[in-house]
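The values are calculated or read from the model by the stated rules, or taken from the named source; none is laboratory data. Values in this document were obtained by computation on a predicted structure and should not be read as measured data. Neighbour counts are summed over all protein chains in view; Cβ atoms, including those assigned to glycine, are modelled from backbone coordinates with ideal geometry. Just so you know, the surface numbers come from the protein's heavy atoms only, side chains and all, with ligands and any DNA or RNA stripped out. Shrake-Rupley method; radii C 1.70, N 1.55, O 1.52, S 1.80 Å.
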Amino acid sequence: MFQIKKITTPAKAYLNQLFEIEPTFERFNQKNDIFNRSMWDDKIDPKNFYVSYDITNYKPKKSKGFDHWDYALRNASWHLTDVVGEMTFPETGRVEGFTDYYTTQTAGPPAKAALPSVGETTHRVKKAAEMLGAGMVGICELDDRWVYSHNFSRKTQAPKKLDLPQNISHAILLILPMDYELSKTIPSALGGSTTGLGYASSLNVATGLAQFITNLGFEAIASLNDTAQSIPMAIQAGLGEYGRNGLLITPKYGPNVRIAKVFTDLPLVPDQPIEFGVKQFCESCRKCADSCPVKAIAQGAATNTPPNFSSHSFIKKWTVNAEKCFKFWVGMNTDCAICIRVCPYNKDYKKWWNRLGIRLANSPLRRWMLWLDDRLNFGQRQSAKWWWA
Ligand code: SF4
Ligand code: SF4
């Protein structure tokens, strides 16, 4: 493993410094995220984007990676998350995993399990999460700043009050690696399968872990993109750093991950944030910004003025222009993650030479590593034919 520095500043204070959080900070309203805006804001037209996830509506394209087989696999990879996510929609209007947390758990026992020390409880919870399939696990105290001010009802097209129980004290952050080989075929309908599969794994691990904690007699709520902003919470929980591409960059899988979370009242030991040179590397590297087809990624320094209201104000960061980004997705009828594919941190870390490369990225030789990354053609797009073969 390469060098990872554990931050000693308390996690909340560290995030204050990292993002220069303004005293006037206000929580983000989920109504304004770009997917929800596409439901109520005429400026954001999803056209056939969502309906193409139903195979009866897909339209094959001439470009490679967009034929019947590619859409068939992409849509299948989303099947489980879609079915479970919309299970209660007709009666309750909930879209679980996207605008609402999951309510799939069965009731816990009448009595709570006896707990060992807080350290041992934390160890067992992390071990259970890994057994269920998490690639990395971190814990943070619940920081209200990252909880949405409101979530959004796709039924009424209006913000709705969040109902996270008052006794929640911690969040367990779960990292689910996405498929590295498939990520090389992005942008394509086939490449979109890695996202669908990432969500299905997130659903499996988060709901499984929530049920485990419920079975111990404690409160646990499984969540994907709903309820709270996952990236700052994952940074607080020591799972990675923030990148120019607006994503969490983890030391184990780079940015090619999904994040899920479980809110709980179980007493746990929080983790400390980490650094392994991402901020300094992103200041030299602009591969994501250069490769983004619609120039949605900032070339310059981090700022506290986002390009539009689909991103959080009051904090200083590199912000992706969500309006430009989503418009490109709509044009392609699938999600894009070129900014993941080309990122020098998107590597197969089982190989020692890739681990060495990232070690160099966190050293004065970072520009040389970047040059080498280009020379070795890392991040080049591969064809769907290559993947199917
Ligand atoms: S997902 Fe694609 S369009 Fe969006 S910011 Fe990344 S590279 Fe640009
Ligand atoms: S591509 Fe380069 S600049 Fe963009 S997030 Fe990755 S390391 Fe940072």
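Computed values, structure above
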{"quantity": "Net lengthening on full extension, TRP352/LYS59 (0.36 nm per residue, minus Cα-Cα)", "calculated": "101.3 nm"}
{"quantity": "Among beta bridges that DSSP assigns inside the chain, antiparallel share in %, nearest 5", "calculated": "95"}
{"quantity": "Accessible surface of segment 10-388 [probe 1.4 Å, protein heavy atoms]: carbon and sulfur percent", "calculated": "57"}
{"quantity": "Net charge contributed by nearby residues that have their C-beta within less than 9 Å of ALA289 (K/R +1, D/E -1)", "calculated": "+3"}
{"quantity": "Those aspartates and glutamates that a straight Cα-Cα span of less than 14 Å connects to LYS324, excepting residues fewer than 8 apart in one chain", "calculated": "ASP33, ASP45, ASP335"}
{"quantity": "Segment 127-202 - charge dipole about Cα centre, Lys and Arg +1 at Cβ, Asp and Glu -1, debye rounded to 20", "calculated": "360"}
{"quantity": "Pairwise centroid distance, computed over Cα atoms, of segment 121-188 with segment 213-283, Å", "calculated": "7"}
{"quantity": "Distant-in-sequence amide H partners of THR185 (H built 1.01 Å from N, under 5 Å)", "calculated": "GLN382"}
{"quantity": "Percent RCO, i.e. relative contact order, over segment 246-345, from Cα pairs under 8 Å lying at least 6 residues apart", "calculated": "29"}
{"quantity": "Per residue accessible area of the chain, 1.4 Å probe, in Å²", "calculated": "45"}
{"quantity": "Free-standing Cys residues across the chain, given no other cysteine C-beta under 4.7 angstrom", "calculated": "CYS140, CYS282, CYS285, CYS292, CYS325, CYS336, CYS343"}
{"quantity": "For the chain, size of Cβ-based charge dipole, Lys and Arg +1, Asp and Glu -1, in debye", "calculated": "1360"}
{"quantity": "Three-way shape call for segment 144-205 based on the alpha-carbon gyration tensor, with the a/c threshold at 1.5", "calculated": "oblate"}
{"quantity": "Shape of segment 80-202, Cα gyration tensor, a/c cut at 1.5", "calculated": "oblate"}
{"quantity": "Links that overshoot a 28 Å alpha carbon limit, given the list LYS61/LYS351; LYS287/LYS351; LYS59/LYS161; LYS59/LYS295", "calculated": "LYS61/LYS351; LYS59/LYS161"}
{"quantity": "All lysines inside 23 Å of LYS6 as judged from Cα atoms, apart from same-chain residues fewer than 8 positions distant", "calculated": "LYS126, LYS127, LYS252, LYS261, LYS279, LYS316, LYS317, LYS347, LYS350"}
{"quantity": "Enclosed volume per residue, in Å³, of the convex hull spanned by Cα atoms of the chain", "calculated": "143"}
{"quantity": "Mean separation of Cα contacts under 8 Å (6+ apart) over length of segment 10-388, as relative contact order %", "calculated": "22"}
{"quantity": "Residue-level accessible surface for LYS59, protein heavy atoms, 1.4 Å, Å²", "calculated": "120"}
{"quantity": "Relative contact order of segment 1-134, pairs being alpha-carbon contacts under 8 Å that are 6 or more residues apart, as %", "calculated": "8"}
{"quantity": "Ordering of 188-195, 304-311, 176-183, 223-230 by packing [mean C-beta count within 10 Å, highest first]", "calculated": "188-195, 223-230, 176-183, 304-311"}
{"quantity": "Segments 43-50, 341-348 sorted - mean Cβ within 10 Å per residue, highest first", "calculated": "341-348, 43-50"}
